[in-house]
Structures are given as structure tokens and as C-alpha cells.
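Undergrad: Have a look at the structure that comes next, please.
The values are calculated or read from the model by the stated rules, or taken from the named source; none is laboratory data. What you see is a predicted model; the values in this text were computed from it and never measured. FYI the Cβ positions are ideal-geometry reconstructions off the backbone, even for glycines, and counts take in every protein chain you see. The protein model used for the area step is the full one, side chains on, heavy atoms only, and it has no ligands, DNA or RNA in it. Shrake-Rupley method; radii C 1.70, N 1.55, O 1.52, S 1.80 Å.
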Amino acid sequence: MKRNAFFLKDCLDILSSDLSAGRISRRRFLQASAMLGLATAGGKSARAANESITLVNYGGDAIKAYAEYWGKPFTQATGITVNIDGSGPLLGRIRKMVDDKAVVWDIGDLAPYYGVRLGSDYFVPIDYSIVARDKSFPWLMSDYCAGSYCYSNVLAYDSSKFPSDPPKTWVDFFDRKKYPGKRALFKWGDGSPEACMLGAGKALNEVFPLDMDLVAKMVKSLGDDLVLWDSGGMSQQLFLDGEIVMGMLWNTRARQLERDTKGRVKYTWNQQIVAPAGWSILKGSKHVAAAQKFIASTQNPASQIGLLDALGNGPASLEAVKMLTPEQAKSNPTSHLEVGVLQSAEYYAKHYDEMVDNWTDAISG
């Protein structure tokens, strides 16, 4: 499973948990889920019957629930039905589909490095006369991928263990003498190597290109104190069970933990590792014009703010960020970019497979 697939599935878990606990309404669940693009729009109006588009994502059990926010309004406005295939837009599947001229997906919800890596051979250029390029952060908008939102990898810690001088940086994370106890990183990389680079003392602008030898050295330095998590739920439970004193978490889980532990678990935006997500249109799509319109519709600032309120996903829209209240900005990754590092789409495009192999070797050794 590649890049933000784990994160998207985790968002669904968070929403389901909040719905069960009564923290959000059924309507809010449907709206927020739909904004993730994991759903199928169920509109079957006469207008919608004329054309449909298919968006591929990583799905989930509640696919039909996601029509409420994205699909239904888009269908009502355009007459175009939105169907979601939740089987996952893996690179190999995209390549095969396009190479075989058997394209059944129109839009992929992807990490931006896909667009750089596959380019014009597999994707249609984003039409920036329809999609508003200047309304989103420039680094989210590229020739073959238009940004949808951002999430972040942050340093979270148990404040009861360090009441007077808590960890503030990734250098602190790797300081086992000053901050004793077990600490956690994401098992499948994607943020963990960057944390290792920062832990070695590299500046924000020195993280890329990744030095995987240095990363391996930093992993080894943690010894028996290293714990690896492979799902957002596991990362949260490690704190709740008191098994770790600090860890790299997705900001969505860190926000939940701070709330559920009444502030015992805190997190810092300092040296956050920002991971963008975006839309790409597959070459060979028979519904390119409709796909461009759908992507443009997801730029609605109010919708992006709703997703932030529900989950903590950072708006891609510059206008949305300006509209945030101080309280909303506190939980927004894209309100704290000046203290973070952006994951490089160019680096991931060229080195992703190699990086994952080296990371796996590092944590196995």
C-alpha cells in the first residue's frame, strides 16, 4: 500500500469512532467522509444518467455513505454521477490500465509524487483554466496533480513524563538519556526517514535528499527503545496503554489523543513533516472534462474547512486558511508551515522504491 493509503483508511477509522461515541452527528460523518473522496455518489437523477466519472481511492466499508457531501452536490450542480472504486490506485495498476488502453478510472486520489513519476505517459494535464491554480498552495499544484488537502507527521509526547522540559524537536526524540523511555515511528517509512534526518541535527532545508545511511544510523541509535506502529489506531493505543513516552503520529491522531487524555498527551508543530495529497486524471479517461470540473469543485473553502474540523486535515485552499478561526488554526497543519518540512514530490518520485527498501533494511537490522 503506497503513501497516503494508510492515512486515508485511518481517517475513516477516526470518523467511525467519533460517530459511535456520539462526538459527531450522522450528517457530519457523511459530510466529512465524502470530503475524503473515499465514497460513491449515489445520485441517480435523470440528469446524472447522461454521464458519470469514476474516482479511485482506498475505500472502506462505508463507501455508500460518502455521497452526501462531494458526490451529491456535484451531481446536482452538473448532472454528472460520481462513482468511487475503493480498490486502491497503486502505481502498477495505473500503468497496466493505461498501457492496455483499458482505463476504467477517471480520477485518482494520489500522493503528488505519482504525477511527477508517471507524468504525461499516464496522466492528463490538469486544466488550470478550470481548476484554480492560484487558489491553493503552489507546491500542491503541478502539471499532473492538483492538491486536495495535507496531513502531517508530528512529535507527540506524554507530558506527565516530562512536566518541566518536554521534547520539542526530533533531536530530543533521539536523546534517550534526557528523555528515557520507548518511542515510536511509523513502520512503513513515509515520514520516519525525515524524522531521522531532523533527529541527526539536519536543518529543515537539509532533509532532502535523504541520506539513508544516516537514517539507518539514527534508527540503530534507538536500540530497544524503538517501537514501530503500522496503523493510526495502534499509534494512539500505544500512548493510551502507557507503552511509549513519545512518538511520531499523524496530526489527526495526535489531536484526538490530546482531547481524549485531557491534555496528558500533547504534540508540537515544530519540525512537522507535511504530507500533501492530490487529484490526478488518468490518460485514456473518456470523461476528462467532467473530471476537471469535479476537481475544481473540491476546492470549495467551506468544504475544506469542514474536513479540518472533522479530522484535522489541512486545507489546500489559501482562502480557507485565511478564513480559519484562531481555534481552527491551532489544529491545522497548513497554518504552521513555517516550522515544518514539506515532503518532496520530486525526491519521492525518483527514489521511493529505493527509500522503502533501505528503510526496511534499517528497521530489520
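Undergrad: For the subset of segment 214-261 comprising residues that are among the hydroxyl-bearing types (Ser, Thr, Tyr) and open to solvent by less than 40 Å² (accessible area, probe 1.4 Å), which member is nearest to residue 179 (Cα to Cα)?
TA: The first filter runs over segment 214-261 and keeps only residues among the hydroxyl-bearing types (Ser, Thr, Tyr), leaving 221, 231, 235, 252, 261.
In the following step, the residues that additionally are open to solvent by less than 40 Å² (accessible area, probe 1.4 Å) were identified as 235, 252, 261.
On the way: 235: 19, 252: 24, 261: 21 Å.
So the residue we want is 235.
Undergrad: Then there's this: Just to be sure I understand, how many residues within segment 186-207 are open to solvent by 10 Å² or more (accessible area, probe 1.4 Å) and in a strand (DSSP E or B)?
TA: Summing the residues that are open to solvent by 10 Å² or more (accessible area, probe 1.4 Å) and in a strand (DSSP E or B) in segment 186-207 gives 0.
Undergrad: Residues in segment 95-112: is at least one in contact with a Gly (Cβ under 7 Å, 6 or more places away or on another chain), outside any strand (DSSP E or B) and among the β-branched types (Val, Ile, Thr)? Walk me through how you get there before you give the answer.
TA: So in segment 95-112, the residues in contact with a Gly (Cβ under 7 Å, 6 or more places away or on another chain) come out as 98, 101, 103, 109-110, 112.
Now restrict to residues that are outside any strand (DSSP E or B): 98, 101, 103, 112.
Next, from what is left, pick out any that are among the β-branched types (Val, Ile, Thr): 98, 103.
Yes; the residues of segment 95-112 include at least one that is in contact with a Gly (Cβ under 7 Å, 6 or more places away or on another chain), outside any strand (DSSP E or B) and among the β-branched types (Val, Ile, Thr).
Undergrad: Using the structure shown, decide if residue 134 is modelled with pLDDT under 95, more than 17 Å from the chain's Cα centre (by Cα) and either surrounded by 15 or more Cβ atoms within 10 Å (Cβ to Cβ) or under 26 Å from residue 317 (Cβ atoms) (or both). It would help to see each step written out before you state the result.
TA: Numbers: modelled with pLDDT under 95: yes; more than 17 Å from the chain's Cα centre (by Cα): yes; either surrounded by 15 or more Cβ atoms within 10 Å (Cβ to Cβ) or under 26 Å from residue 317 (Cβ atoms) (or both): yes.
Here the answer is yes, as residue 134 does meet what is asked.
Undergrad: Kindly provide the set of residues from segment 311-328 that are farther than 16 Å from residue 133 by Cα, not in a helix (DSSP H, G or I) and not aliphatic (A, V, I, L, M), ordered by number. Lay out the reasoning, then the answer.
TA: So the first thing to find is which residues in segment 311-328 are farther than 16 Å from residue 133 by Cα, and the list is 311-314, 322-328.
Add one more test, that the residue is not in a helix (DSSP H, G or I), and what stays is 312-314, 324-325.
The answer is 312, 313, 314, 325.
Okay, residues lined up against (1) within 20 Å of residue 162 (Cβ to Cβ); (2) of a type in the set (Asp, Glu); (3) in a helix (DSSP H, G or I); (4) at pLDDT 95 or above:
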| site | (1), (2), (3), (4) |
| --- | --- |
| 184 | yes, no, no, yes |
| 209 | no, no, no, yes |
| 213 | no, yes, yes, yes |
| 218 | no, no, yes, yes |
| 234 | no, no, yes, no |
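Undergrad: Do the conditions hold for residue 82, that is, is it in contact with a Pro (Cβ under 6 Å, 6 or more places away or on another chain) and either open to solvent by less than 20 Å² (accessible area, probe 1.4 Å) or modelled with pLDDT under 75 (or both)? Write out each step before concluding.
TA: Details: in contact with a Pro (Cβ under 6 Å, 6 or more places away or on another chain): no; either open to solvent by less than 20 Å² (accessible area, probe 1.4 Å) or modelled with pLDDT under 75 (or both): yes.
The answer is no for residue 82.
Undergrad: Could you please find all residues in segment 237-278 being in a strand (DSSP E or B) and of a type in the set (Ser, Thr, Tyr)?
TA: Residues of segment 237-278 in a strand (DSSP E or B): 246-250, 265-278.
Once the filter is applied, which keeps residues that are in a strand (DSSP E or B) and of a type in the set (Ser, Thr, Tyr), segment 237-278 yields 267, 268.
Undergrad: Also, I was wondering about something else. Need pairs with beta-carbon distance below 9 Å; first residue within 19 Å of residue 323 (Cβ to Cβ) and within segment 132-152, second acidic (Asp, Glu); sequence gap 6+ or separate chains.
TA: 135/319; 148/109
Undergrad: Could you please let me know if residue 171 is closer than 21 Å to residue 250 by Cα, modelled with pLDDT of 95 or more and either within 22 Å of the chain's Cα centre (by Cα) or surrounded by fewer than 23 Cβ atoms within 10 Å (Cβ to Cβ) (or both)? Give the steps one after another, and end with the answer.
TA: Values: closer than 21 Å to residue 250 by Cα: yes; modelled with pLDDT of 95 or more: yes; either within 22 Å of the chain's Cα centre (by Cα) or surrounded by fewer than 23 Cβ atoms within 10 Å (Cβ to Cβ) (or both): yes.
Answer is yes for this residue.
Undergrad: Also, I was wondering about something else. Which members of segment 83-102 meet the condition of being under 15 Å from residue 117 (Cα atoms) and not basic (Lys, Arg)?
TA: Across segment 83-102, the qualifying residues are 89, 90, 91, 92, 94, 98.
Undergrad: Right, something else. Looking at residue 281 and the list (1) assigned to a strand (DSSP E or B); (2) in contact with a helix residue (DSSP H, G or I) (Cβ under 8 Å, 6 or more places away or on another chain); (3) under 18 Å from residue 153 (Cα atoms), which single condition is not satisfied?
TA: Every listed condition holds for residue 281 apart from (3).
Undergrad: Given the criteria among the hydrophobic types (A, V, I, L, M, F, W, C), farther than 17 Å from residue 291 by Cα, out of contact with any helix residue (DSSP H, G or I) (no Cβ under 8 Å at 6 or more places or on another chain) and open to solvent by 50 Å² or more (accessible area, probe 1.4 Å), does residue 140 qualify?
TA: On the way: among the hydrophobic types (A, V, I, L, M, F, W, C): yes; farther than 17 Å from residue 291 by Cα: yes; out of contact with any helix residue (DSSP H, G or I) (no Cβ under 8 Å at 6 or more places or on another chain): yes; open to solvent by 50 Å² or more (accessible area, probe 1.4 Å): no.
So residue 140 does not fit the description; no.
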